[in-house]
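Colleague: The structure's right below; bear with me while I get my questions together.
The values are calculated or read from the model by the stated rules, or taken from the named source; none is laboratory data. Since this is a predicted model, take the numbers as computed values, not measurements. Backbone-built Cβ (ideal geometry, glycine too); neighbour counts: all protein chains shown.
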Amino acid sequence: MNFTEIAKNRQSCRAYNPNKMVEQEKLQAILESARLSPSACNGQPYHITVCTGKSAKKVAKATEGLGMNKFATQAPVMLVISEMPYVMTAGTGAKIKHNDYRSIDIGILSAYITCEATAQGLSTCILGWLDDAKIREICDLSGQVRLVITLGYAKDDDKLRTKKRKSLDELVSFIE
Ligand SMILES: Cc1cc2nc3c(=O)[nH]c(=O)nc-3n(C[C@H](O)[C@H](O)[C@H](O)COP(=O)(O)O)c2cc1C
């Protein structure tokens, strides 16, 4: 798949096949691509906790508050993305420039993860609705949990949806 194909095929999966485990080499490829993600001052202010088995179920439960994300327990793997401290240069830059580089870095990391997963034939959903305190306890993390990414194989009947996006006219302006 080239990048255009990945962008067209990636979608948030909310119907997983709970019986189909993610192959170790595919998980490894996803984590390797995540490792190559760019970040402010190359600070890489994040950590990925790979949860499978009982811990995946526990993390899934912690994303299901108020009836949200009920599909998460079906995903065999949960990738927990938590914050790590800024390196000094990025932290100083963030203060001086009033820019939250860490959130940006975590967003890019998540894009790399979800796109490589698509290239590997796997499906993902980025979850921002989560119980930080519970997941920190489950995963023994000190940094804030910013996102959880569900990972697995979509059910056979989970078809590619038409993307609803702003038009290019709304999204982009050109100036000289
Ligand atoms: C930061 C972030 C948080 C999100 N949180 C959730 C979530 O908690 N539950 C969910 O079902 N989808 C969540 N999504 C998925 C978005 O709803 C989805 O990406 C968007 O509707 C576009 O659809 P698509 O990913 O299928 O193209 C989140 C996406 C992002 C980027």
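Colleague: When you scan the range 49-70, how many residues do you find that are within 16 Å of the chain's Cα centre (by Cα) and free of Cβ contacts under 8 Å to residues at least 60 places away in the same chain? First the steps, then the outcome.
Modeller: The first filter runs over the range 49-70 and keeps only residues within 16 Å of the chain's Cα centre (by Cα), leaving 49-52, 56, 59-60, 62-63, 69.
Going one step further and asking which of them are free of Cβ contacts under 8 Å to residues at least 60 places away in the same chain, we end up with 50, 52, 56.
Number satisfying all stated conditions: 3.
Every residue, every condition in (1) touching a strand residue (DSSP E or B) at 6+ places or on another chain (Cβ under 8 Å); (2) under 16 Å from residue 45 (Cβ atoms); (3) modelled with pLDDT of 95 or more, yes or no:
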position: 85; (1), (2), (3): no, yes, yes
position: 94; (1), (2), (3): no, yes, yes
position: 103; (1), (2), (3): yes, yes, yes
position: 110; (1), (2), (3): yes, yes, yes
position: 127; (1), (2), (3): yes, no, yes
position: 145; (1), (2), (3): yes, yes, yes
position: 151; (1), (2), (3): yes, no, yes
position: 154; (1), (2), (3): yes, no, yes
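Colleague: Still on this model: Give the residues of the range 2-51 that are within 16 Å of the ligand (Cβ to nearest atom) and assigned to a loop (DSSP other than H, G, I, E, B), sorted by residue number.
Modeller: 10, 11, 13, 14, 15, 37
Colleague: With in a strand (DSSP E or B) and among the hydroxyl-bearing types (Ser, Thr, Tyr) as the only criterion, which of 103, 82, 110 stands out?
Modeller: Numbers: 103 fails: in a strand (DSSP E or B); 110 fails: in a strand (DSSP E or B).
Of 103, 82, 110, the one residue that is in a strand (DSSP E or B) and among the hydroxyl-bearing types (Ser, Thr, Tyr) is 82.
Colleague: Looking for something more than 10 Å from the ligand (Cβ to nearest atom) and among the basic types (Lys, Arg) - is there at least one such residue anywhere in the range 161-175?
Modeller: Checked against the condition, which is being more than 10 Å from the ligand (Cβ to nearest atom) and among the basic types (Lys, Arg), the range 161-175 yields at least one hit.
Colleague: Also, quick follow-up: Taking the condition away from the ligand (no atom under 16 Å from the Cβ), in contact with a Lys or Arg (Cβ under 6 Å, 6 or more places away or on another chain), touching a residue at least 12 places away in the same chain (Cβ under 8 Å) and farther than 17 Å from residue 14 by Cα, does residue 106 pass? Explain how you work it out, then say what you get.
Modeller: Numbers: away from the ligand (no atom under 16 Å from the Cβ): no; in contact with a Lys or Arg (Cβ under 6 Å, 6 or more places away or on another chain): yes; touching a residue at least 12 places away in the same chain (Cβ under 8 Å): yes; farther than 17 Å from residue 14 by Cα: yes.
No, not satisfied.
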